[in-house]
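Here is the structure we will look at, set down as structure tokens.
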Amino acid sequence: MNHFIILGADIGGTHITTALIDMESGTIIPGSFQREHVNANGSAGNIIKSWGQVIRKSLCAAEGVYQIGIAMPGPFDYEAGVSLITGLHKYEALYGLNVKSLLAEELQMEACNIRMANDARCFLQGELFNGAVKGELDVTGLTLGTGFGSAIAENGIARDAAFYDIPFLASRAEDYFCSRWLVKRYREISGREAKDVKEIARLMNKYTIEVFNEFGTNLALFLSTLNPVPSRIVLGGNIAQTFPLFKIALQHKLNERNLNISFVLSTLDENAALLGAASVV
């Protein structure tokens, strides 16, 4: 068994990404990176089979790798390996099933060699391991993308923060800090359709500026409600790539409230969750 190489997997709403991680150097083993589309609305059997096929491709890049760490969106019983995802238009077929056991059976390995953890926690742990906040102890991580992920590190160990479910404005934080909100809000103020956040940013018109200003202001308002208020935040996810578009509004509102928060962008991008997943094994 190779104790220094662990397979990291990042399962998203539309894809699975896998790679072998050299735990001594904190880097991806060349030739092991795989990323493929997954039909998250398929049957449980097809989903598990799809994941297994991609994982096996990465495992072929080295011998003697028997430990797997998986970054998985919630809600999920990570210790038991049971999916609690329902009503989120993804992986509904897995609800109530022991995903860890099913995947272990698919891969013909012991379930005890598979560890699962919250994807935002894995993102932050990866950045602490070999990314933007390497070696730091107390940091908050936010992933802004198809959903709103959050994690808090204390003494260098990340844990899920579950900010997504905190009441905010007319509903909860998840509904304001994700791609869906930006696309919906852009349509409301412009009367035009935009496919995704990338297109809104590319258009760079007055509506782009307005919607990102509102996003930044809302994020500052939300952060100001936390207790304690984070002092340092690492941002990841596709919305983080547009940080220059909402940074000024964010900082302005924080300054109004006499809050000093430093922000840093992920340097590992999608690889952060892979490294983090491997490091929680």
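Worth a mention:
- Qualifying position, being of a type outside the set (A, V, I, L, M) and more than 23 Å from the chain's Cα centre (by Cα), among S25, S43, S58: S43
- Which listed residue, of V229, V234, V281, is within 29 Å of G69 (Cβ to Cβ), more than 17 Å from the chain's Cα centre (by Cα) and of a type in the set (A, V, I, L, M, F, W, C): V281
- Checked against the criterion of being more than 17 Å from the chain's Cα centre (by Cα) and either surrounded by fewer than 20 Cβ atoms within 10 Å (Cβ to Cβ) or in contact (Cβ under 8 Å) with a residue 60 or more places away in the chain (or both), the range 114-125 has no qualifying residue.
- A count restricted to the range 46-93 and to residues that are of a type outside the set (A, V, I, L, M) and within 24 Å of G149 (Cα to Cα) stands at 17.
- Out of K247, K253, sole residue that is surrounded by 19 or more Cβ atoms within 10 Å (Cβ to Cβ), part of a helix (DSSP H, G or I) and modelled with pLDDT of 95 or more: K253
- Conditions (1) crowded, with 22+ Cβ neighbours inside 10 Å; (2) of a type outside the set (D, E, K, R); (3) touching a residue at least 60 places away in the same chain (Cβ under 8 Å); (4) closer than 25 Å to I16 by Cα; number of the one not met by V139: (4)
- Evaluation of E92 against the conditions (1) exposed (fewer than 15 other Cβ atoms within 10 Å of the Cβ); (2) closer than 28 Å to V197 by Cβ shows that the sole unmet condition is (1).
- Selection count where residues are farther than 22 Å from N113 by Cβ and either surrounded by fewer than 20 Cβ atoms within 10 Å (Cβ to Cβ) or in contact with a Lys or Arg (Cβ under 8 Å, 6 or more places away or on another chain) (or both), scope the range 6-24: 3
- Every listed requirement among (1) modelled with pLDDT of 95 or more; (2) within 20 Å of the chain's Cα centre (by Cα) is met by K49 save one, (2).
- Taking the numbered list (1) at positive phi; (2) over 18 Å from the mean Cα position of the chain (by Cα) in turn, R192 passes all entries but (1).
- The set of residues in the range 242-281 that are among the acidic types (D, E) and either more than 16 Å from T217 (Cβ to Cβ) or outside the structural domain of M204 (by TED's automatic domain parsing) (or both) comprises D269, E270.
The values are calculated or read from the model by the stated rules, or taken from the named source; none is laboratory data. Model, not experiment: these values are computed from the prediction. Every residue, glycine among them, receives a Cβ derived from its backbone with ideal geometry; neighbour counts consider all protein chains shown.
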